[in-house]
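Read the figures in this text as sums done on the coordinates, not as results from a lab. On a predicted model such as this, the values are computed, not experimentally measured, just so you know. As a convention, Cβ positions derive from the backbone with ideal geometry for all residues, glycine included, and neighbour counts pool all protein chains shown.
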Amino acid sequence: MMTLGAPEIDEALPWGGLPRAALHEVLAGHQSAASGFCAGLLARLAGTRETVLWCGRGRGGLYGPGLAAFGLAPERLILVRARTDTEVLWVLEEGLRSCALAAVLGETNAIGLTAARRLQLAAESGGTSAFLLRSARGKVEPGPAATRWHIATALGTDGDNEMKPRWQVELLKCRSGVPGVALTQKGETTFGLPRSWLVEWRDGTRTPAAGGFAVAAEFRHRPADPVVDEITNRIAAKSAI
C-alpha cells in the first residue's frame, strides 16, 4: 500500500492509501494536469531506488524538468512511445510481468474489459501497480480497476513565492475486499463516492522523501457539507440493517 501523503484522502480509501499490485484508472479533465498528478504518484512509488515505466502515445514527449519537480528523477524512469492502444497494453503487461518495476503507466484512448482484466491479473502476479491515463471525454465502462480518479487543473498558489501545482481530485470509484460502509451499483462497490478534494503538491525536489500530496488549507478548514454528512449517515444506517 502506498499513501498519498494527504491523510484526508488516504483515510477515505479502505486500504489507507493506494493498494499496490492493482490497476488504477486516471481520467484526465486536463491532460497536463493529470500527467503531473500521475508523475507525483509514480515518484512516491519509485522512491530513490526503484524504477517506473511510462508508455505514452504519439510523438509528444514528457517534460523532464516538470517531472523532476514532482520528484521523479530521470534515472528512475523508463519512457516508451507507442503508436496504438494495443502496443501500449502490450508494453504495460510485459512491464508488470517482469517484476522489476515499482509501477507502470500507460496513456490510452479506451480499452476493453478483457484487456483491463489482463492488466489487473498481471499487476497482481507481478506485485506491481498499474495506471491507465486517458481522457475523461470518452465513455467509461465498469471494469476491474481498484480505483478510478478524475483529475482537473486548479489555480495554483504562490504563498511560498513559487507557484504550487494544484488539482481538483475526484475519487469516482473504489473497490475493496475489506469491511466498510459501501454501496454497490452495477457490480461496483463505492464508499460514499464520489469524493472530491482540492489538492496541491508538497515540493520534494531537495528531499524526495518529503514530496507528496496535501489537501489545500482552505479546503481542509472549510465547514462540513451537511448534504455529504446526511448521505454518509444514510449509508451507515443502511449498512447496519
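Values computed for the structure shown
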{"read-out": "Qualifying residue in the stretch 131-152 (condition: within 28 Å of Thr48 (Cα to Cα), of a type in the set (S, T, N, Q), crowded, with 16+ Cβ neighbours inside 10 Å and in contact with a helix residue (DSSP H, G or I) (Cβ under 6 Å, 6 or more places away or on another chain))", "value": "no"}
{"read-out": "Any helices (runs of 4 or more DSSP H) falling wholly within the stretch 22-113 and containing at least 2 residues that are over 26 Å from Gly5 (Cβ atoms)", "value": "85-97"}
{"read-out": "Odd one out for Gly71, checked against (1) over 14 Å from Ser35 (Cα atoms); (2) among the small types (Gly, Ala, Ser); (3) in contact with an Asp or Glu (Cβ under 9 Å, 6 or more places away or on another chain)", "value": "(1)"}
{"read-out": "Residue satisfying condition, being surrounded by fewer than 19 Cβ atoms within 10 Å (Cβ to Cβ) and of a type outside the set (A, V, I, L, M), within set Gly71, Gly40, Gly64", "value": "Gly64"}
{"read-out": "The stretch 68-112, residues that are among the hydrophobic types (A, V, I, L, M, F, W, C), within 17 Å of Ala22 (Cβ to Cβ) and more than 19 Å from the chain's Cα centre (by Cα)", "value": "Cys99"}
